[in-house]
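The values are calculated or read from the model by the stated rules, or taken from the named source; none is laboratory data. Please read all numbers here as calculations on a predicted model, not as lab measurements. For neighbour counting, all protein chains shown are included, and Cβ atoms are generated from backbone atoms with ideal geometry for every residue, glycine included. Just so you know, the surface numbers come from the protein's heavy atoms only, side chains and all, with ligands and any DNA or RNA stripped out. Shrake-Rupley method; radii C 1.70, N 1.55, O 1.52, S 1.80 Å.
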Amino acid sequence: MKRPFSARTPSTGAVSATDRDSAQGAHHASKQTTTLPSISAFLAFFAIYLLAAAFGRWMAIVPGAPVTVWPPNGVIIAALLMHRRETWPWWIGLGVFGEITGNFLWYNSTVIAAFGYIVANAVAIFAAGYICASRFGAPIRRLTTLPQVLGLLVIGVLMTPMISATIGSAFVAWEGKSSFAATWPIWWLGDATGTLIATPVTITIVNAWRDGARLDAATVLEGLVIAGLLASITAWDLATGSYYTYLLPLPVLWAALRFEFRGAALAVVGLTFVIGAHGHILGAADSPAASIALMHSRMQVLILTAASIGLIVAAIVRQQKQALVDLAQINAELESRVNDRTKDIEASRKRFEATFKNAGVGISIVSGEGALMRVNDRLAEMLGYSAEEVEGLLLDDFTHPDDIPRGRTALEALKSGAADEYDLEKRYLCKDGSLVWGHTTVSCVRDVDGEISYLIKIIQDITDRKDLDENRQMLMNEVNHRGKNLLSVVKVIARQTALRSPESFLEAFGERLQALAANQDILVNNDWQQVELETLVRGQIRHFAAISERISVVGPPVNVSAHAAQAIGMAIHELATNAAKYGSLSNDVGRVTISWLVDGDDFFMSWREQDGPAVSTPTSNGFGTTVIKQLTASSLSADVELTYAPTGVVWNVRTKLSTLSND
């Protein structure tokens, strides 16, 4: 007594665009400017609707009941769930048109009755679609989760058919064809059964069409086996008085386990078809109407039970498979991350190994107690050992005893948590007994309890810098010492010059300072080390450029110390000054010969003037004579003779070469 009616449906274009397979369904992100479904989808659903209506008409095997199973409502509910809400008016119009077409072809109901059926089906389908779509996140591509299946069973199968049954039964009672109480159970059971059959199978057919599904031979064979088993059990059960009805869900469960929703939906259709065929056989055998009605009601309940169990099992199987797929994907992602992380760790390890091995500074990993757990080649090289020789030993074993306390104090600060790093300079003992200075930087790595797990020590060889610092300090001390000595000499020169030549103090003092400065220049140019005697002598006579060609310098290469250079330089300056004023350099023909020789460790040096004015012994000795004789003798530990021969002044010095060379 019911007629199919269409309900609102989402647009087919939206489904194709979004292609939602997840249990949550498609979201509303696919925005289309049109609300018109595609023509192909519209025609496909209309064809399915008419097939469902024809099937419902064929299932009308109970005498006096035009319809006992009504699948078209399930077709429209499937359309609503699979398309966007903006397109639902078109699908409702399709349902109305399908209802009118079915009434024209098979039922020939009155206008009032047809209108009542349309209203009843429309309200029920709209309610089912609206509630399920909201819960499923429609549009959806297919049923995928157990909550979706349970929602369809509770809302679409159990609850909303009550709406159509109530409205439709009221119209039937109003027309006087049957009472409300007698019509309502049949209507509700027919709508519930039809929805449960048609909704899953419609979604299955549409998806198979969209996906271009192709079945392999093994699948087809297994499907035929399930269908044959289903038909055999159903026929046997019905032929024996329905005593073995409990066996009928088994083929449906098999199909659900093997092929999920498609298998369950098609198995339920097959079960329904077998039941309908058996009903027609009973009708042809003129079985009592009450017997046919009772059998059909029992089979409808069986269909509801088998279909519900099948869909629930299919949902569980799909969720399990999806969980396995998700788990496999997560596992693959985790493996990928682990592989990437492993590669990163390996790359980091290689970089560390390269840095550790090729670093220009010593690197060691040290335990919290100071034992060398690992050292690089540079540190081993600094200490004169191989890496294997030092690993396992205490770093204090290679530390100068005087520096050990400072290192232990710094280590205690790390252990107490007062510091996480320190640096200090200390000496290390090498294998050959030598010392190497190292600038040690230490940082600690702690465990989760804050205890020291290990230490990282970086030791830079600063021996050259320390030697340079020491040399610089020695040089500063030497400069200070020599500066004091120089000032003392200047003081003596000034005092003696003032006492002995007060009338020409400035000139004489200036010349002597100039000679002293010449000595200083030579010494500075030689880093205050030994200087060549010839260079020293020529530096003093350079100030007498006009007559320097009359001065001969002869002698083997001899190096003299800085202390000796000052004494000899001052003496040569005084002799040259006196020769220029009073001696052989005071005329145009006089000459001077400066010579020296070495005999073993004996050193001899002389100043000899000739062809100058007649020379006589002076009546008094000036500062110059003091420098020439006493200063030279004391500075060089030498025997000095100064002779005023008539032919010219002769100055002879005799000392040890070792004395002359040592500062």
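Excluding residues on the same chain fewer than 8 positions from Lys321, give the aspartates and glutamates whose Cα lies under 15 Å from its Cα.
Leaving aside aspartates and glutamates fewer than 8 places away in the same chain, those within reach of Lys321 are Asp21, Glu260.
Ignoring ligands, DNA and RNA, please state the percent of accessible area on region 367-470 from carbon and sulfur, probe 1.4 Å.
49 percent
If the chain between Glu388 and Thr110 were fully stretched, how many nm would it gain, using 0.36 nm times the residue separation less the Cα-Cα distance?
89.4 nm
How far apart, in nm, are two points set 7 Å out from the Cα along the Cα-to-Cβ line at Lys431 and at Leu43?
Placing both labels 7 Å beyond Cα along the Cβ direction yields 9.4 nm.
Modelled label-to-label distance, His439 and Asn587, 7 Å Cα→beta-carbon offset: nm?
So the two model labels end up 7.1 nm from each other.
Report, in debye and to the nearest 20, how large the dipole of region 62-207 comes out about its Cα centre when Lys and Arg carry +1 and Asp and Glu carry -1 on their Cβ.
Its charge dipole is roughly 380 debye.
For region 85-204, build the convex hull from the C-alpha positions and give me its volume per residue in Å³.
104 Å³
Which order do the peptides 324-337, 574-587 take when ranked by the mean count of other beta-carbon atoms within 10 Å per residue, highest first?
By packing density, highest mean first, the sequence is 574-587, 324-337.
For region 109-123, just list the computed ³J(HN,Hα) in residue order, Karplus coefficients 6.51, -1.76 and 1.60, θ = phi - 60°, integers in Hz, with x standing in for Gly and Pro.
Karplus values, whole Hz, x for Gly and Pro: 6, 5, 4, 5, 5, 4, 4, x, 5, 4, 4, 4, 5, 4, 5.
Run the numbers for Trp58 and Arg446: contour at 0.36 nm per residue of separation, minus the present Cα-Cα distance, in nm.
Extra length available between Trp58 and Arg446 comes to 131.5 nm.
Would you work out the charge dipole size for region 365-415 about its Cα centre, treating the Cβ of every Lys and Arg as +1 and the Cβ of every Asp and Glu as -1, and quote it to the nearest 20 debye?
Here the size comes out at about 260 debye.
Between Ser38 and residues 5 or more places away or on another chain, which pairs have amide H atoms under 5 Å apart, with H built 1.01 Å from N, and which residues are they?
Long-range HN contacts for Ser38: Thr12, Gly13.
Just tell me which aspartates and glutamates come within less than 18 Å, Cα to Cα, of Lys629; anything on the same chain fewer than 8 places away is out.
Within reach: Glu574, Glu609, Asp639, Glu641.
Roughly speaking, what is the stretch gain from Arg341 to Leu221, that is 0.36 nm per residue apart minus the C-alpha to C-alpha distance, in nm to one decimal?
Net length gain for the segment: 38.4 nm.
If we count every other residue with Cβ under 15 angstrom of Thr593's Cβ, Lys/Arg +1 and Asp/Glu -1, where does the sum land?
Net charge around Thr593: 0.
How would you rank 364-371, 559-566, 399-406, highest first, on the average number of other Cβ atoms within 10 Å across their residues?
559-566, 364-371, 399-406
Can you give the local net charge around Ile452? Use residues other than it whose beta-carbon is closer than 13 angstrom to its beta-carbon, Lys and Arg +1, Asp and Glu -1.
Taking every other residue near Ile452 into account, the sum is -4.
Accessible area per residue for region 572-663 in Å², computed with a 1.4 Å probe and the full protein assembly in place, what is it?
48 Å²
So for the pair Leu247, Thr626, with labels modelled 7 Å out along Cα→Cβ, what separation do we get in nm?
14.7 nm
If I compute solvent accessible area with a 1.4 Å probe over the protein chains, what percent of it on region 111-157 is carbon and sulfur?
Taking all protein chains in place, region 111-157 shows 80 percent carbon and sulfur surface.
Rounded to the nearest 0.05, what FRET efficiency is calculated for Glu353 and Asn652 with R0 set to 56 Å and r the Cβ-Cβ distance?
Step by step, r from the Cβ atoms, then E = 0.15.
Roughly how many percent of the accessible protein surface of region 552-663 is carbon and sulfur, given a 1.4 Å probe and a whole-percent answer?
Carbon and sulfur atoms account for 49 percent of the accessible area of region 552-663.
Can you work out the FRET efficiency for the pair Leu229 and Arg135, with r the C-beta to C-beta distance and R0 = 30 Å, to the nearest 0.05?
Taking R0 as 30 Å, the efficiency between Leu229 and Arg135 is 0.30.
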